[in-house]
Amino acid sequence: MLSYGRTAEPLEYHRSFLKENCRPDGRELGEFRPTTLNIGSINTAEGSALVKIGNTTVICGIKAELALPSSDAPDKGYIVPNVDLPPLCSSRFRPGPPGEQAQTASQFIADVIDSSNIIKKEDLCIEKSKLCWVLYCDIMCLDYDGNLLDACIITLLAALKNAQLPKVTINKETDLAEVELQHKRHLQIRCHPVASSFAVFDDTVIIVDPTAEEESLCRALLTAVTDEDDQLCALHKPGGISLSAEKLQDCISRAVTRNREISKLIDKVIQSTEMSK
């Protein structure tokens, strides 16, 4: 009977759980799914990470290339994020050019990179007007079950912290770049943004870390990005019903707590990886 209700009246099925302050998967309203992280997953990348939030699995690989700085910003490098949602991760996605959700996610991550100043683009400049690094941040969803943005930000941050770039100098005589692969250094991460997503049901009921089914049934989605100093870096709300200032502040406060939890997880995994080398 419960299975029939979930299929025939999915919203009413979920409401019956929400009234009891719980969810169909057994979680409380403010409970995130288990989050696991692995770094250095791709040997051919400068840095990489794989994160699982419940059944949602996302991997990020960082590839670096040398390029000419733009004339508008001769002392800066580039950070180019791209989110891929292939058909293998969910039947809702189709082959071909990036769909609207993938494009929105890519733009959201680009905005977070800029607003949080996670890496100063000046740090990617090797010599003004002559040479800089381009960081291609390729993010692919392997299994989709909601809360894509949170997973993308976590795997991006972990992959950037894992990345190492070789020392590069410009030969004064030949004016050519010389790359020293034996001398590598980690990127200087200046901010640690973490995203927390929420789904709004019935104007007042707000749940964290929504599944794909919960996302499809809710009346609004909200993603708050905070840093290690408890500052709000970005807020993403693609339409839906409005939220009161009090409810919005509750979401931001929960996002601050989530930032601390994820930061501890990333540090623990990095420390464990370094000790195993």
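The values are calculated or read from the model by the stated rules, or taken from the named source; none is laboratory data. None of the values given here were measured: they were computed from a predicted structure. Reconstructed Cβ throughout: ideal geometry from the backbone, glycine too, with neighbour counts over all protein chains shown. The protein model used for the area step is the full one, side chains on, heavy atoms only, and it has no ligands, DNA or RNA in it. Shrake-Rupley method; radii C 1.70, N 1.55, O 1.52, S 1.80 Å.
The residues listed here are Ile62, Ile109, Ile42; of these, the one that is assigned to a helix (DSSP H, G or I), of a type in the set (Val, Ile, Thr) and either in contact with a strand residue (DSSP E or B) (Cβ under 7 Å, 6 or more places away or on another chain) or farther than 30 Å from Leu124 by Cβ (or both) is Ile109. Residues in segment 177-200 that are part of a strand (DSSP E or B) and either touching a His at 6+ places or on another chain (Cβ under 7 Å) or open to solvent by 40 Å² or more (accessible area, probe 1.4 Å) (or both): 10 in all.
Listed here are the residues, each with its yes/no results for (1) among the β-branched types (Val, Ile, Thr); (2) over 16 Å from Leu217 (Cα atoms); (3) at pLDDT below 95.
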{"position": "Arg6", "(1), (2), (3)": "no, no, yes"}
{"position": "Leu11", "(1), (2), (3)": "no, no, yes"}
{"position": "Asn21", "(1), (2), (3)": "no, yes, yes"}
{"position": "Asn43", "(1), (2), (3)": "no, yes, yes"}
{"position": "Gly47", "(1), (2), (3)": "no, yes, no"}
{"position": "Ile53", "(1), (2), (3)": "yes, yes, no"}
{"position": "Cys60", "(1), (2), (3)": "no, yes, no"}
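Name the residues in segment 219-249 that are in contact (Cβ under 8 Å) with a residue 40 or more places away in the chain and either over 17 Å from Gly30 (Cβ atoms) or part of a strand (DSSP E or B) (or both), would you?
Residues of segment 219-249 in contact (Cβ under 8 Å) with a residue 40 or more places away in the chain: 223, 225, 227, 233-234, 236, 238, 240-241, 243, 247.
The answer is Thr223, Val225, Asp227, Cys233, Ala234, His236, Pro238, Gly240, Ile241.
Filtering segment 190-208 for residues that are basic (Lys, Arg) and closer than 29 Å to Glu122 by Cα leaves a non-empty set. Using the structure shown, decide if Ser48 is small (Gly, Ala, Ser), surrounded by fewer than 22 Cβ atoms within 10 Å (Cβ to Cβ) and either at positive phi or not in a helix (DSSP H, G or I) (or both). Considered against the rule, which asks whether it is small (Gly, Ala, Ser), surrounded by fewer than 22 Cβ atoms within 10 Å (Cβ to Cβ) and either at positive phi or not in a helix (DSSP H, G or I) (or both), Ser48 comes out as no.
Residues in segment 143-176 that are part of a strand (DSSP E or B) and not hydrophobic (A, V, I, L, M, F, W, C): Asp143, Gln164, Pro166, Lys167, Thr169. Going by the conditions given, is Ala224 surrounded by 13 or more Cβ atoms within 10 Å (Cβ to Cβ), within 19 Å of the chain's Cα centre (by Cα) and farther than 28 Å from Glu246 by Cβ? So Ala224 fails the test.
Among the listed residues Val225, Val205, which satisfies the condition of being β-branched (Val, Ile, Thr) and over 30 Å from Glu9 (Cα atoms)? Only one candidate passes the filter, namely Val225. Consider segment 201-221 and keep the residues that are within 19 Å of Cys233 (Cα to Cα) and either of a type outside the set (Asp, Glu) or open to solvent by 50 Å² or more (accessible area, probe 1.4 Å) (or both). The one that is modelled with the highest pLDDT is Val208.
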